[in-house]
1. Can you find a residue in region 297-313 that is surrounded by fewer than 19 Cβ atoms within 10 Å (Cβ to Cβ) and of a type in the set (Ser, Thr, Tyr)?
2. Within region 154-162, identify whether any single residue is part of a helix (DSSP H, G or I), under 27 Å from Asn242 (Cα atoms) and free of Cβ contacts under 8 Å to residues at least 60 places away in the same chain, and answer yes or no.
3. Run Val206 past the list (1) in a helix (DSSP H, G or I); (2) in contact with a helix residue (DSSP H, G or I) (Cβ under 7 Å, 6 or more places away or on another chain); (3) among the aliphatic types (A, V, I, L, M) and report the number of the one that doesn't hold.
4. I need a count of the residues in region 97-146 that are open to solvent by 10 Å² or more (accessible area, probe 1.4 Å) and among the polar types (S, T, N, Q).
5. Would you mention how many residues in region 233-250 are touching a helix residue (DSSP H, G or I) at 6+ places or on another chain (Cβ under 8 Å), open to solvent by less than 20 Å² (accessible area, probe 1.4 Å) and under 28 Å from Lys322 (Cβ atoms)?
6. Among the aromatic types (Phe, Trp, Tyr), at pLDDT 95 or above and closer than 17 Å to Thr239 by Cβ, is that true of Tyr144?
7. Do we have any residue at all in region 161-168 that's at positive phi and open to solvent by less than 50 Å² (accessible area, probe 1.4 Å)?
8. Does Glu171 qualify as being touching a residue at least 12 places away in the same chain (Cβ under 8 Å), of a type in the set (D, E, K, R), closer than 30 Å to Asn288 by Cβ and open to solvent by less than 20 Å² (accessible area, probe 1.4 Å)?
Amino acid sequence: MNRKNYLLAFILCMQTLFVSAQVYPVRAKLTDKNSFSMILLPDPQSYTKFDANQPLFELQTAWVANSIESLNIKGVLCTGDLVEQNEIRIPDGVNGNQTSEEQWRAASRAFERLDGKLPYVICTGNHDYGYQKAENRLCHFPDYFPSERNSCWRESLVAVGNNYQGIPTLENAAYEFVTDTWGKILVVSLEFAPRDEALEWAKKVVDSPRYKDHKVILLTHSYLAWTGKIIEKENYKMTPANYGQAIWDKLVYPSKNICMVICGHECEIADYKDNVSFRIDKNASGKNVPQMMFNAQTADGQWFGNGGDGWLRIMEFMPDGKTIKIKTFSPLFALSPLTCDKSWRTDSYDQFDITIE
């Protein structure tokens, strides 16, 4: 091949690369190149309950998978309510047009984008239990998310608790993340309205000599109200059950190393500020414990709309080992030049810093 042909081949190759490269008007970046991040996915139930919405949840997890390197993503947290109804055979068209099996399959399909690439931590929500929502502790979560599912869990999954049947499942589980700048982080996920047995299991794990020096993040579905108050009680038939205040009193407050609580669940047809909340309380050791609630399922102003406009949160762990920058971002809006100017929520309740003590 002569020099001219080599040059032509090179140009054609570069054109092919250029044509195949996706045009993404807004790409999220780290504030500091030495940071790492975790991605928070809010309740996806309104994505999975309608077949037309299900690709939007896959868009979120596909975006995460494509951003692993650029955002140095260590893991993904999901606040639960993977489905609208755990055990329904005839959809009513209002609470979704999908059977429960179709909803669970959709949630599972979305997380397939992350299998073998990232550890993800999911807590179960009220809609994931019972027949419609939490009449009992019947739950199909273990059927679709067994511990063998994601090869990344072989390194990160370090403890598993028993469900209401006495069977070890990921409804109660602990995941370890080893970092250069933050040391070792333990993320503990709890079932919805955890039983005393689940709280006792979690306490035993976080207090154990192996994890007593870890920074522990607690992930549970129902904890904070949109008003910022810790939830004291909810009217679900499921019993026994512990809600927000009991979780704080029995597990978080006495703990020396639970440094943050994250939840979802609370949602209103209201402005963004009424679907998020944040508060700080001191634990028994006098340390501040930040607590954050994030939900987005009515972001488009409807209970039965598109499921949440693609909103998620980027949690950037700064290299100082104590600051987490929270940013609220929509991969859906970021995809188009016509909507990319709306891809960030920048009000003080959606973009802020958290200090971990």
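The values are calculated or read from the model by the stated rules, or taken from the named source; none is laboratory data. No experiment lies behind these values; they were computed from the predicted model shown. Methodologically, a virtual Cβ is constructed for each residue, glycine included, from the backbone with ideal geometry; neighbour enumeration extends over all protein chains shown. SASA here: full protein model, heavy atoms, side chains in, ligands and nucleic acids out. Shrake-Rupley method; radii C 1.70, N 1.55, O 1.52, S 1.80 Å.
1. No, the conditions are met nowhere in region 297-313.
2. no
3. (2)
4. Within region 97-146, the subset open to solvent by 10 Å² or more (accessible area, probe 1.4 Å) is 97-99, 101-102, 105, 108-109, 112-113, 115-117, 119, 127, 131-133, 135-140, 142-144, 146.
Next, from what is left, pick out any that are among the polar types (S, T, N, Q): 97-99, 108, 132, 136.
Summing the residues that are open to solvent by 10 Å² or more (accessible area, probe 1.4 Å) and among the polar types (S, T, N, Q) in region 97-146 gives 6.
5. 1
6. Considered against the rule, which asks whether it is among the aromatic types (Phe, Trp, Tyr), at pLDDT 95 or above and closer than 17 Å to Thr239 by Cβ, Tyr144 comes out as no.
7. yes
8. On the way: touching a residue at least 12 places away in the same chain (Cβ under 8 Å): yes; of a type in the set (D, E, K, R): yes; closer than 30 Å to Asn288 by Cβ: yes; open to solvent by less than 20 Å² (accessible area, probe 1.4 Å): yes.
For Glu171, the condition - touching a residue at least 12 places away in the same chain (Cβ under 8 Å), of a type in the set (D, E, K, R), closer than 30 Å to Asn288 by Cβ and open to solvent by less than 20 Å² (accessible area, probe 1.4 Å) - is met.
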